[in-house]
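Notes follow the structure.
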Amino acid sequence: MSDTLKIYRFPDQVLRTKAAPVENIDGKLQELIDGMTETMYKAPGIGLAAIQVGKPISLVVYDISPPEEAHKINVIMNPEIVSREGSITYEEACLSVYDYSAEVKRSNKILVKAIDREGNPIEIEAEGLHAVCLQHEIDHLNGVLFIDHISSLKRSLYKNRLKKILSKEEQQG
């Protein structure tokens with residue numbers, strides 16, 4: 001599967017779906033991982049949850065390496081945040097949230113238990129951007145978007161702006 005996948009955008013209700021645990025690691029899943037990876041890099045983004053491409057399973061691909069470095073894809077399945085520490089405010093955006101970014105307060109350090117691409121149990125200690133990225137993507141697996149973490153006023157303003165954008169797109173065909 002070397003084709004890019006469709007990324008669903010807010011307000012599509014698929015993004016509010018809670019992901020089911022990954023139970024079978026087979027060729028079909030590996031193809032999905034490859035397709036998600038290609039889609040994420042082409043978008044471009046630093047993370048992508050399976051929910052965002054319409055697959056309600058607990059799967060995330062991400063790469064937080066600096067642009068000047070070689071790609072280092074990370075694949076986690078069935079992630080669970082087991083501890084949190086401190087806080088950080090970070091400007092977040094999302095491939096599923098059209099043309100918007102906002103500051104979101106999250107934990108600065110987290111410990112995540114998950115399984116890797118081969119099904120091996122792993123623990124990830126993440127801090128800073130790494131922690132923010134993981135929390136953002138794990139939120140997707142629970143049907144939560146980063147705009148759910150901003151004030152209701154900012155969210156309302158964004159929704160109104162989005163309606164205007166979508167209305168213009170419809171009129172243009």
Once you list every other residue whose beta carbon is under 14 Å from the beta carbon of H71, what net charge do they have if Lys and Arg are +1 and Asp and Glu are -1? -3
How charged is the neighbourhood of G47? Take every other residue with its Cβ under 9 Å from the Cβ of G47, and add Lys/Arg as +1 and Asp/Glu as -1. -2
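Taking only C-alpha pairs under 8 Å that are 6+ residues apart, what is the relative contact order of the chain in percent?
Details: 306 pairs, mean separation 37.8, N = 173.
22 percent.
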Lysine-lysine proximity count for the chain, Cα under 13 Å, sequence distance 8 or more or distinct chains: 4
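Once a ≥ b ≥ c are taken as the square roots of the eigenvalues of the Cα gyration tensor of region 18-86, is the result rounded (a/c under 1.5), prolate (a/b larger than b/c) or oblate (a/b not larger than b/c)?
Working: a/c = 1.88, a/b = 1.13, b/c = 1.67.
Since a/c reaches 1.5 but b/c is at least a/b, the shape of region 18-86 is classed as oblate.
Shape call for region 87-146 from the C-alpha gyration tensor, a ≥ b ≥ c root eigenvalues: rounded (a/c under 1.5), prolate (a/b greater than b/c) or oblate?
Oblate, because a/c is 1.5 or more while a/b does not exceed b/c.
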For the peptides 89-98, 128-137, 46-55, what is the packing order when you average, over each peptide's residues, the other Cβ atoms within 10 Å and list the highest mean first? 46-55, 128-137, 89-98
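Any read-out appearing in this document is the output of simple, stated calculations on the displayed coordinates, not a laboratory observation. What you see is a predicted model, and the numbers here were worked out from it, not measured in a lab. Ideal geometry is used to build each Cβ from the backbone, glycine not excepted, and the neighbour counts take in all protein chains shown.
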